[in-house]
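Here's the structure, in structure tokens; my notes come after.
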Amino acid sequence: MNAIEISGLRKSYGDFVLDDISFCVPEGSILGLVGENGAGKSTTIKLIMNTISRDAGTVKVLGVDNTSSAFSGVKDDIGVVLDEAYFPEVLSAKNVNSVMKRTYRRWDEKTFAGYISRFRLPEAKPFKDYSRGMKMKLAIAVALSHDPKLLVLDEATSGLDPMIRDEILDLFNDFTRDPGHSILLSSHIVSDLEKICDYIAFIHNGRLALCEEKDRLLEEYAVVKMSPAELEDIPESAIIGKKVSKYSAEALVRRGEISSVFHTEHCTLEDIILFLAREDRDI
Amino acid sequence: MTGLLVKDCLTLVKQMKIFLVIIIVFSIVPGYNMSAFAIVYSALLPMTALAYDERSKWDMLASMMPYRPRDMVLSKYLLGICAVLAAVILSCVAQTVINAVRHTAAEPGFIAGSAVMFCAGLITLSLLLPFMFRFGVEKGRIALFVIVGLAAVAAVFLSGKSEDAASFYASESISLSAVAGVIGAAAAVILIVSVLISVRIYSRKEF
């Protein structure tokens, strides 16, 4: 079963169009949604949560069409963290607990208290006096404290220092140890996605440029470095993207489609994304 | 929806302590004029809660939670109704206590006047909230100024006329409870229509 199934999703804002987005998040997996700022990641997440209207397409979340009346109940099973925490600024963590236990049916006060203690968040301090890291930790604590089956995280780790990010990524990894748990994680920090994701979806200029299993991507693609003249010996169909200067050339290629005489280097997810963005073409 | 009400109450109590004290003081000061102000202020509390929601972009987060548009809207109406009701009850209790201490009888039409003020609070609330949901608190303030001005004038007018009205009702043998019932029914209809309009407006919002 898929935790999220998106098919032919389209949303037009006039000057920006998110078009023909189709991908799935298999149950028990983490899918990383990557793309530059303004590529359409947050719009996709809003469409998944049905907080904005769509022009076309269908979305199923945990097996339920997100436009149906049953979706409101499904939200009990979804933990959401947005790019900001958006809690009323005068509320403390203790107050947030009082609100959330009356919001989510399976709210677990002990779990929440555990996260508050683990994240070293002051219980009585107003939210407005929290640092950005503390605010995001509170949002993550809320998302994890109502026994969710799916986490939808929109830039949840952006703006956090590497140590906090690492701690939070570990938490997400722990969450998916339960095979019934899944995560959709949107970020433009590709290294975070490479660290924990099973699948990668790359949205570029409102289009889905790539959706693939991460390990397969890293196995299938490679980087070659050579002179511009040598680059012409590589079949055009094998080249995903290239950077050519007067004296050197670098290309992202399909490993299986080029001769073994070429020396290939292991590529990172960031290489793949950057080459794809540079070439502005689908694969 | 109780989560939304708890959130609003916690926010208002923390941010609006002086405002709440003013409502309580105005409620217990003898005379309808002060009570009317307290009731109008109470009817404005949902707008204040909406302003804080807008500032923290709470609606964006709440739209991801298991709340339906009607929960978001009804919570604000319930907050307003409870606040107006509390101000009216406080006012009635205070008047009763003052009368008992002074060994004086209650003013003629006291109950009817209180019921009318409660209805006026509901109508103020019902007229304001759709504008606030449609235009936001910042732009919705124009509607606020117009409606609060009219409500204040109406409240002063009604309080000035209460004794005359009471004697008119007595002379014409018109049942006070029937008059209160008619006004209450009108307020209920306006409230229901207002809620339906607000839910429709809120359902079309995108976050």
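The values are calculated or read from the model by the stated rules, or taken from the named source; none is laboratory data. Quick caveat, the model's predicted, so the values are computed rather than measured. Note: ideal-geometry Cβ built from the backbone for every residue, glycine included; neighbour counts use all protein chains shown. The protein model used for the area step is the full one, side chains on, heavy atoms only, and it has no ligands, DNA or RNA in it. Shrake-Rupley method; radii C 1.70, N 1.55, O 1.52, S 1.80 Å.
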| request: All but one of (1) open to solvent by less than 60 Å² (accessible area, probe 1.4 Å); (2) within 10 Å of chain B (Cβ to nearest Cβ); (3) not aliphatic (A, V, I, L, M) hold for A:N97, so report the exception by its number. | output: (2)
| request: Please enumerate the residues belonging to the stretch A:14-42 that are outside any strand (DSSP E or B), in contact with a Gly (Cβ under 8 Å, 6 or more places away or on another chain) and not hydrophobic (A, V, I, L, M, F, W, C). | output: A:E27, A:G28, A:G40, A:K41
| note | A careful count of residues in the stretch A:65-94 that are closer than 23 Å to B:D8 by Cβ, surrounded by 20 or more Cβ atoms within 10 Å (Cβ to Cβ) and polar (S, T, N, Q) gives 1
| request: Could you please find all residues in the stretch A:133-152 being charged (D, E, K, R) and assigned to a helix (DSSP H, G or I)? | output: A:K135, A:K137
| query | Which residue, of B:A94, B:A105, is open to solvent by 20 Å² or more (accessible area, probe 1.4 Å) and farther than 26 Å from B:I142 by Cβ? | reply | B:A105
| Which one of A:K225, A:K246 is modelled with pLDDT under 85 and either closer than 19 Å to A:R278 by Cα or β-branched (V, I, T) (or both)? | A:K246
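Starting from residues that are of a type in the set (F, W, Y) and either open to solvent by 40 Å² or more (accessible area, probe 1.4 Å) or part of a loop (DSSP other than H, G, I, E, B) (or both), keep the ones in the stretch A:116-132 and report whichever is farthest from A:V61 (Cα to Cα).
Step one: list which residues in the stretch A:116-132 are of a type in the set (F, W, Y), which gives A:119, A:127, A:130.
Those left that are additionally either open to solvent by 40 Å² or more (accessible area, probe 1.4 Å) or part of a loop (DSSP other than H, G, I, E, B) (or both): A:119, A:130.
Values: A:F119: 30, A:Y130: 33 Å.
Selected residue: A:Y130.
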| query | Within the set of pairs 6 or more residues apart or between chains, which connect a residue that is assigned to a loop (DSSP other than H, G, I, E, B) inside the stretch A:81-103 to a residue that is open to solvent by 20 Å² or more (accessible area, probe 1.4 Å) and among the aromatic types (F, W, Y) with Cβ atoms less than 7 Å apart? | reply | A:P88/B:Y52; A:K101/A:W107
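Can you pull out every residue in the stretch A:104-114 that is free of Cβ contacts under 8 Å to residues at least 12 places away in the same chain and at the interface with chain B (Cβ under 9 Å from one of its Cβ atoms)?
In the first step, residues of the stretch A:104-114 are kept if they are free of Cβ contacts under 8 Å to residues at least 12 places away in the same chain; the result is A:110, A:114.
Of everything in the stretch A:104-114, nothing turns out to be free of Cβ contacts under 8 Å to residues at least 12 places away in the same chain and at the interface with chain B (Cβ under 9 Å from one of its Cβ atoms).
Taking the stated definitions as given, is B:L50 modelled with pLDDT of 85 or more, away from chain A (no Cβ under 14 Å) and either part of a helix (DSSP H, G or I) or surrounded by fewer than 23 Cβ atoms within 10 Å (Cβ to Cβ) (or both)?
Values: modelled with pLDDT of 85 or more: yes; away from chain A (no Cβ under 14 Å): no; either part of a helix (DSSP H, G or I) or surrounded by fewer than 23 Cβ atoms within 10 Å (Cβ to Cβ) (or both): yes.
Taking the combined requirement at face value, the residue does not satisfy it.
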| remark: Being part of a helix (DSSP H, G or I), within 14 Å of chain A (Cβ to nearest Cβ), surrounded by 21 or more Cβ atoms within 10 Å (Cβ to Cβ) and in contact with a helix residue (DSSP H, G or I) (Cβ under 9 Å, 6 or more places away or on another chain) narrows B:D59, B:D8 down to just B:D8
| said: Can you pull out every residue in the stretch A:48-76 that is away from every other protein chain (no Cβ under 12 Å) and basic (K, R)? | reply: A:K60
| query | So A:L185 clears everything in (1) surrounded by fewer than 21 Cβ atoms within 10 Å (Cβ to Cβ); (2) at pLDDT 85 or above; (3) closer than 28 Å to A:V81 by Cα except one condition, right? Which one? | reply | (1)
| query | Which of the following residues is within 26 Å of A:S72 (Cβ to Cβ) and assigned to a helix (DSSP H, G or I): B:G113, B:G80? | reply | B:G80
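Applying the selection to the stretch A:6-26, what residues are within 15 Å of the chain's Cα centre (by Cα) and not β-branched (V, I, T)? Before the answer, list the steps.
Step one: of the stretch A:6-26, the residues within 15 Å of the chain's Cα centre (by Cα) are A:6, A:21-26.
Correct list: A:S22, A:F23, A:C24, A:P26.
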